[in-house]
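The values are calculated or read from the model by the stated rules, or taken from the named source; none is laboratory data. Small disclaimer: the values here were computed from a predicted structure and weren't measured. All Cβ positions, even for glycine, are placed from backbone atoms using ideal geometry, and neighbour counts span all protein chains on display. The accessibility values were calculated without ligands, DNA or RNA, using every heavy atom of the protein model including side chains. Shrake-Rupley method; radii C 1.70, N 1.55, O 1.52, S 1.80 Å.
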Amino acid sequence: MAQPAYVQGTLDTLLAADGSVDPAAVSLADTTFVVLDLETTGGAPDGGGITEIGAVKVRGGAMLGEFGTLVNPGEPLPPFITVLTGITEAMLRPAPPIETVLPTLLEFLRGAVLVAHNAPYDVGFLKAACARHGYPWPSPRVLDTAALARRALTRDEVPNRKLGTLAHFFRSTVEPNHRALDDAKATVDVLHGLIERLGSFRIHTLGDAIEFAKAVTPAQRSRRHLADNLPHAPGVYIFRAADDRPLYVGKSNDIATRVKTYFTASEKRSRISSEMLTAAVRVEAVECAHSLEAEVRELRLIAAHSPPYNRRSKYPERVVWLKLTAEAFPRLSVVRSLTEDGATYLGPFSSRRTAELAAAGVYDAVPLRQCNHKLSLRTRTPACALAELGRCPAPCEHEITPEEYDLRAALPFRTATSGDPGPVIEAILARIDTLSDKQRYEEAATVRSRLIALLRSLIRMQKLDALTRLPEIVAARRDDRGGWEIAVIRHGRLAAAATSPPREHPRPTLDAARLTAETVLPGPGPVASASAEETERVLAWLERVDTRLVETSGDWVSPARGAARFSALLSRAESAASVQDSTVRLSVTDRSDDARSLRL
C-alpha cells in the first residue's frame, strides 16, 4: 500500500479543521484534555514506527481515564531505542499493530483537546497512521506544552523546555523515563503548572491558550487589552496613537473578533504586529448599520486621515484621466481632474502609467495625433516622423480636414467611452492578428496589454456612469437575523444606511433613512460625488443576487452595445497575460455569431 507523503506540521496547522480558534471557547478549568505521549522507532512519520502509546484524560485537575499500550511497529527496533526506553523486540512481538489500536485511541480522543509535549511530532505520527490505514483524522484542537512553556517561562526560571526540566520545575509526581504512559502523566503535571502560570497573562480560555502558544511579538502581548470591550457588530475600527493620531483604519462585520486577531499569530504583517501595535494606545470602534456602510466609512476615513499603516485607498484624489481635447484637431492628454469643458474623458486611472497604456491602445486603433502642439487652422506646422510612417494623418500640415479628422480619429474614441467600443476593439484585435501572423509575438503581447488597460477602463467607466447618473436609488437586502439592510444611494454615493429590526415592516426605517440622508449634488463625470472605489463598493452591493431595488428616481441603464459585452474578452486576455502565454487565442463576437480568433 502506498505510504502517505508527510511534512512536519507547525502550530498553525494544529488548530481546528478550518484553521480557526473558537471565540466562544470554554474556560481551561472546564476543558477536557487528553494528554498523550508516543514512543517510536526514531524514524520519520510514515504511518508506522509507533512502539508505545500513553494517554491520560483530565478535566479540572481530576483524572478521568488512562490509555496505555505497546504497539508492534512491524519493523526492527533500533538498539539505541532499546537503550533509551527499555522496550525490547520481545516486548513488542505480541503487541497489537497500530491499525488495531487506532479505533480505540480515536474514541478516547473524541471531544477532547489533545495535549502533547512537542505536539507536531506526536500528531504527525498519528495523522500519518490514520492516513495509511484509512481512518479519518478527527482534527482535534491541540495544545503544545513545549510551546506554552516557551511563552510563559523565562530562561532564568528554566534553562530549557525539555519535559524532564519542566517536570522538575513543577514538582511532578511522576518522573519522565521515556515510557509513554509515565511521560504522559508527567506532562499532565506540567500542563496544570502552566495553566496556573497563564492566569498572570490573563489567559483563561482554551482559544486564548492556543493563540498564546503561538509566536507573537512583545507588542502584541502587551497590547492585548486594547481588544477588550469592543462591540460584536459591523463597523470600522481605528488604532490611535498617544496624540490621538489614526495609525490604522479597518472594517469588519464583527469589530471585536477582528481586532483580537491583531494580537495573535495569525497577524503576519510585521509592520502591524510590531511597529503599529507598539505606537497604539487605544482602539476606537464606529458601529455601522451593515457591512456596506462599514466598507464606505473605512474608505472615507482612510482618505481623510491617510493613516501611515494603511497601504490601500489612502489617496483617492491622486487619479488621472485620459482627455480628448476640445479643439479643431483633438488629441489625448493625461490630466489630473475632470471639468465641464466639452471634452471627452476616460477614467479614472490609478496611475499615469495605466492611462498612457490605455492611450497607446487608442493609438493602435485610430489615427489620433500624438503630438502636444496646439494646431492652427491657418498656419501649417512641420510634420513629425509618425506622419512619414503613415501613423498620423498629418493634420499639422492640413493633409486632412477637421471634419474628416473628427470622423476617422476622434469620433470612434468618443463613441467608445459612452457607447459602442466595438470599432476600436476590433481595430486593436486586427493589429494583434497582423503581428501574430508575422510571428512578432512580443509586440503582439505588448498590444494585448494595451487592449487590457483600455477595455478595463471602458467597462469600468460605463458601469460607474450608469449608476452615478441616477439622483437616487433605494435598495435593501435581508440580513442574517431576518431584518433588512437598507441603503440610500445618490449619484453613486452612499447617502444613508440603516437596518430594520426582524419581524417588523422595513418601510418606517426606510422612510427615516431617506429623510435623514445626505444631500448629494451632481457633477461632471462618473465619480463626481464619491471616489471611484466607493461607487464600485456600492455597485457590488447592488449587484448581489439577494439585493432588491425598492425605488429609483430614473432608469438604471447601460448602452445596449456597450463595453460590458466585451467582459469575456477582457477576462480571457487577462488570463493569457497572467501566464505570459503567447499562444492563447482570443475570440470576440461582434455583429454575428461567428467568432474571430486571434493569436497572441
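Test ILE428 against the criterion of being outside any loop (DSSP other than H, G, I, E, B) and either of a type in the set (Asp, Glu) or open to solvent by less than 50 Å² (accessible area, probe 1.4 Å) (or both), and give yes or no. When the stated conditions are applied, ILE428 passes them. Taking the numbered list (1) modelled with pLDDT of 95 or more; (2) surrounded by 15 or more Cβ atoms within 10 Å (Cβ to Cβ) in turn, GLU284 passes all entries but (2).
Scanning region 60-76 for residues being in contact (Cβ under 8 Å) with a residue 12 or more places away in the chain and out of contact with any strand residue (DSSP E or B) (no Cβ under 7 Å at 6 or more places or on another chain) gives a total of 4. All told, LEU181 falls short of being open to solvent by less than 20 Å² (accessible area, probe 1.4 Å) and in contact (Cβ under 8 Å) with a residue 40 or more places away in the chain.
Pick from ALA215, ALA119, ALA128: which is surrounded by fewer than 18 Cβ atoms within 10 Å (Cβ to Cβ) and in contact (Cβ under 8 Å) with a residue 40 or more places away in the chain? First the steps, then the outcome.
Values: ALA119 fails: surrounded by fewer than 18 Cβ atoms within 10 Å (Cβ to Cβ); ALA128 fails: surrounded by fewer than 18 Cβ atoms within 10 Å (Cβ to Cβ).
None of the other options fit; the residue is ALA215.
Just to check your reading of the model, which residue among GLU99, GLU89 is acidic (Asp, Glu) and out of contact with any helix residue (DSSP H, G or I) (no Cβ under 7 Å at 6 or more places or on another chain)?
Only one candidate qualifies: GLU89.
So which residues in region 290-331 are assigned to a helix (DSSP H, G or I), crowded, with 21+ Cβ neighbours inside 10 Å and among the hydrophobic types (A, V, I, L, M, F, W, C), if there are any at all? LEU292, ALA294, VAL296, LEU299, ILE302, listed by residue number.
Is it true that GLY554 is modelled with pLDDT under 95 and in contact with a helix residue (DSSP H, G or I) (Cβ under 6 Å, 6 or more places away or on another chain)?
Taking the combined requirement at face value, the residue does not satisfy it.
Only one of the numbered conditions (1) closer than 30 Å to THR339 by Cα; (2) open to solvent by less than 40 Å² (accessible area, probe 1.4 Å); (3) in contact with an Asp or Glu (Cβ under 7 Å, 6 or more places away or on another chain) is not met by LEU454, and that is (3).
Okay, residues lined up against (1) within 28 Å of ASP46 (Cα to Cα); (2) at pLDDT below 95:
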| site | (1), (2) |
| --- | --- |
| PRO136 | yes, yes |
| THR154 | no, yes |
| GLU157 | no, yes |
| VAL188 | yes, no |
| HIS192 | no, no |
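Residues in region 219-262 that are of a type in the set (Lys, Arg) and surrounded by fewer than 16 Cβ atoms within 10 Å (Cβ to Cβ) were compared, and the one that is farthest from HIS204 (Cα to Cα) is ARG245.
Does GLU175 satisfy being in a helix (DSSP H, G or I), at pLDDT 90 or above and loosely packed, with under 15 Cβ neighbours inside 10 Å? Spelling it out, it is not the case that GLU175 is in a helix (DSSP H, G or I), at pLDDT 90 or above and loosely packed, with under 15 Cβ neighbours inside 10 Å. Within region 365-395, the set of residues being open to solvent by 100 Å² or more (accessible area, probe 1.4 Å) and over 24 Å from ILE432 (Cβ atoms) comprises ASN372, HIS373, LYS374, LEU377, ARG378, ARG380, PRO382, GLU388.
LEU435 meets the conditions (1) open to solvent by less than 30 Å² (accessible area, probe 1.4 Å); (2) in contact (Cβ under 8 Å) with a residue 24 or more places away in the chain; (3) farther than 20 Å from GLU327 by Cβ in every case but one. The failed one is (2).
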